1. All but one of (1) touching a strand residue (DSSP E or B) at 6+ places or on another chain (Cβ under 9 Å); (2) within 27 Å of residue 261 (Cα to Cα); (3) surrounded by 13 or more Cβ atoms within 10 Å (Cβ to Cβ) hold for residue 51; which doesn't?
2. Yes or no: residue 141 crowded, with 18+ Cβ neighbours inside 10 Å and over 30 Å from residue 71 (Cα atoms)?
3. Within the bounds of region 36-47, is there any residue that is without any contact (Cβ under 8 Å) to a residue 24 or more places away in the chain, in a loop (DSSP other than H, G, I, E, B) and either surrounded by 13 or more Cβ atoms within 10 Å (Cβ to Cβ) or touching a helix residue (DSSP H, G or I) at 6+ places or on another chain (Cβ under 9 Å) (or both)?
4. Cβ contacts < 6 Å: first residue touching a residue at least 40 places away in the same chain (Cβ under 8 Å) and on the phi < 0 side of the Ramachandran plot, restricted to region 226-254; second residue buried (at least 21 other Cβ atoms within 10 Å of the Cβ) and in a loop (DSSP other than H, G, I, E, B), any location; separation 6+ or different chain. Result?
5. When you check residue 107 against the structure, is it surrounded by 23 or more Cβ atoms within 10 Å (Cβ to Cβ), touching a helix residue (DSSP H, G or I) at 6+ places or on another chain (Cβ under 7 Å), assigned to a helix (DSSP H, G or I) and modelled with pLDDT of 95 or more, yes or no?
6. Return the residues of region 160-180 that are free of Cβ contacts under 8 Å to residues at least 40 places away in the same chain and in contact with a strand residue (DSSP E or B) (Cβ under 8 Å, 6 or more places away or on another chain); say none if nothing qualifies.
7. Residue check: is residue 253 closer than 19 Å to residue 116 by Cβ, surrounded by fewer than 19 Cβ atoms within 10 Å (Cβ to Cβ), at pLDDT 90 or above and in contact with a helix residue (DSSP H, G or I) (Cβ under 9 Å, 6 or more places away or on another chain)?
8. Scan 61, 80 and give me the residue that is in contact with a helix residue (DSSP H, G or I) (Cβ under 6 Å, 6 or more places away or on another chain) and in contact (Cβ under 8 Å) with a residue 12 or more places away in the chain.
């Protein structure tokens, strides 16, 4: 069983366990009373300062790299990202494989006024309601682990709850699903989630096949200003960056350098 299959299998167990502790009916009621959403899509539909938008990620660990930051403080990191000019935050909430939590998302959202993406492996409506309750402004939906019907249903539920969606693709089959679902924000993951191998050419090649109305976001493997400039040349101005920023001694400074990347003298 590959890594992604193991993650999805564990998610099914997690959802069943969570539903026993907090029934869906109770979760629905809490979701209806959730805080006002911050506009995730709105922050990314046009280029920001420097011609780019960066979704800065709070990520403690990954299955492929292990522990990335032993003493990561979600609130402090979110504050640094805000100071560095991030357009939005992404927070890993998966505990078993990424050592994240809902608390990380809540702490980050309280520490900075930016919209927050819940990055996890969503396969069930329960998790969408859960996301609304924990304070997410947007959720990640991964085509690789969903059918078209599931994707459309989850996107519809997100619209009802005021949550924006970032639909992730990696293959041309994924791309066709995102197009069929008319996903407004499409994250092109340079990382193959089955093997966790990364190829920076993936987003730059696939962006040409998106519908004109779809807004692309390049994710995984973006290591510095040179990578930003290569993607900008292909029409991508949104970037989701995690490992590079989490490992940086000065996350705010690293962010500023990437935001200035559209300057040829940067």
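The values are calculated or read from the model by the stated rules, or taken from the named source; none is laboratory data. Note that the structure is predicted; figures quoted are calculated from it, not measured. Heads up, the Cβs are rebuilt from the backbone with ideal geometry, glycines too, and the neighbour counts pull from every protein chain shown.
1. Looking at each condition in turn, residue 51 falls short on (1).
2. On the way: crowded, with 18+ Cβ neighbours inside 10 Å: yes; over 30 Å from residue 71 (Cα atoms): no.
Spelling it out, it is not the case that residue 141 is crowded, with 18+ Cβ neighbours inside 10 Å and over 30 Å from residue 71 (Cα atoms).
3. Within region 36-47, not a single residue is without any contact (Cβ under 8 Å) to a residue 24 or more places away in the chain, in a loop (DSSP other than H, G, I, E, B) and either surrounded by 13 or more Cβ atoms within 10 Å (Cβ to Cβ) or touching a helix residue (DSSP H, G or I) at 6+ places or on another chain (Cβ under 9 Å) (or both).
4. Note: pairs meeting the criteria are 237/52; 239/222; 241/222; 242/59; 246/59.
5. On the way: surrounded by 23 or more Cβ atoms within 10 Å (Cβ to Cβ): no; touching a helix residue (DSSP H, G or I) at 6+ places or on another chain (Cβ under 7 Å): yes; assigned to a helix (DSSP H, G or I): yes; modelled with pLDDT of 95 or more: yes.
No: the conditions fail for residue 107.
6. We begin by selecting, within region 160-180, every residue free of Cβ contacts under 8 Å to residues at least 40 places away in the same chain; these are 160, 165, 167, 169-180.
Hits for region 160-180 are 165, 167, 169, 170, 174, 175, 177, 178.
7. no
8. On the way: 61 fails: in contact with a helix residue (DSSP H, G or I) (Cβ under 6 Å, 6 or more places away or on another chain).
So the residue among 61, 80 that is in contact with a helix residue (DSSP H, G or I) (Cβ under 6 Å, 6 or more places away or on another chain) and in contact (Cβ under 8 Å) with a residue 12 or more places away in the chain is 80.
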